[in-house]
Amino acid sequence: MTGFVRAYICVTCGVQQAASEEPPASCAVCEDARQYVGWQGQQWTTLDELRAGHSNRVEDLEPGLTGVGTEPAFAIGQRALLVRTADGNLLWDCITLIDDETVAAVRQRGGIAAIAISHPHYYSAMVEWAGEFNAPVYLHEADQRWVMRPSPRVRFWSGDARPLFGGLSLVRLGGHFSGGTVCHWPAGADGEGAILAGDVLQVVQDRRFVSFMYSYPNLIPLPAHVVSRMARRVSELRFDRVYGAWWERVVDRDGQAAVARSAERYCAALASEADELELG
Ligand SMILES: [Zn+2]
Ligand SMILES: [Zn+2]
């Protein structure tokens, strides 16, 4: 006789694990220096439990772009983005909660042709979403070891860029994670172009800027040469808007210059030998 098998979900990071009879001993994503184990100790939930107390807000943000985020906020609290193109829709980044209402709202907007995710903190319940919409999930191979729930729908890509469809392309910046990726959406921002950045480029409180960190919760910066390289790669793309990983975390315009001045300021702070830093 076998026990009841469930795909447990970490309450702190929202990442779903491979199915098991007992909850896993620990969450590898949260044990990493970039995350943390919840203050009450490792806790697990399931999709059914999550559905009982949460729902998703689905909101159109601009022509061709819809945000999907869970309320009340769960785990890291990111919202995903559904990008609509004439050749199919991309779900950029992912969230843990998927329910009937969300599936209906997404289908009403044309469904999901593919999923792509910036980095492992947002792998969430990607396999559930991929199964529901019969969609492949594009992840950078450099972060393969962080896939907690393997699936034949997951497709690893390599190198620094991967064109998708409808003009969309994935661009690997590294930084926060070795495979840290942003999505370039040339049709976004009224044709000026947009970057869907996750927190690989983190839109900060002063929304004229972004930041670049190894760990956000633990405030561990990245080396200057890595930040410069990230900014250099982004400078090759044409865009005006940067969508961060949360509602309202958006550099609305002048995004190209915002990333450049953010990298410059960051590297200046790291390199300064002054006793009192003044960045103006
Ligand atoms: Zn976790
Ligand atoms: Zn992250």
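The values are calculated or read from the model by the stated rules, or taken from the named source; none is laboratory data. Not measured: the values here are computed from a predicted model. Quick reminder, even Gly has a Cβ in these numbers, built from the backbone with ideal geometry, and neighbours come from all protein chains shown. Heavy atoms of the whole protein, side chains included, go into the accessibility calculation; ligands, DNA and RNA do not. Shrake-Rupley method; radii C 1.70, N 1.55, O 1.52, S 1.80 Å.
I need the Debye-formula profile for the stretch 127-214: one equal scatterer per C-alpha, no solvent, reported as log10 I(q)/I(0) at q = 0.19, 0.23, 0.25 1/Å, two decimals.
Treating every Cα as an identical point scatterer, log10 I(q)/I(0) equals -1.00, -1.23, -1.28.
Tell me the net charge near Asp206. Cut-off is 14 Å between Cβ atoms, Asp206 excluded, with +1 for each Lys or Arg and -1 for each Asp or Glu.
Taking every other residue near Asp206 into account, the sum is +2.
Hey, rough spin-label estimate for Arg238 and Ala25, points 7 angstrom out along Cα→Cβ, what's it come to in nanometres?
Calculated label separation equals 5.4 nm.
Using only protein heavy atoms and a 1.4 Å probe, report how much of Val204 is accessible, in Å² to the nearest 10.
Approximately 30 Å² of Val204 is accessible to the 1.4 Å probe.
Spin-label point model (7 Å from Cα, Cβ direction): what's the Ile220 to Ser178 distance in nm?
1.5
Can you give the angle from 0 to 90° between the axis of helix 224-235 and the longest principal axis of the chain, with both taken from C-alpha atoms, to the nearest 10?
90
How long are the semi-axes of the equivalent ellipsoid of the stretch 177-280, taking √(5λ) for every eigenvalue λ of the Cα gyration tensor, in whole Å from largest down?
In descending order the semi-axes read 23, 14, 13 Å.
Per residue, how much accessible area does the chain show when a 1.4 Å probe rolls over the protein heavy atoms, in square angstrom?
Computed with neighbouring chains in place, this is 45 Å² per residue.
For all pairs of alpha-carbon atoms in the chain, what percent lies in each bin of width 5 Å, listed from the first bin to the last filled one?
Going out from 0 Å in 5 Å bins, the chain shows 1, 6, 13, 17, 19, 17, 13, 8, 4, 2, 1, 0, 0, 0 percent.
Which one, Val210, His225, Ala257, is farthest towards the positive end of the dipole of the stretch 208-264 when Lys and Arg carry +1 and Asp and Glu -1 on their Cβ?
His225
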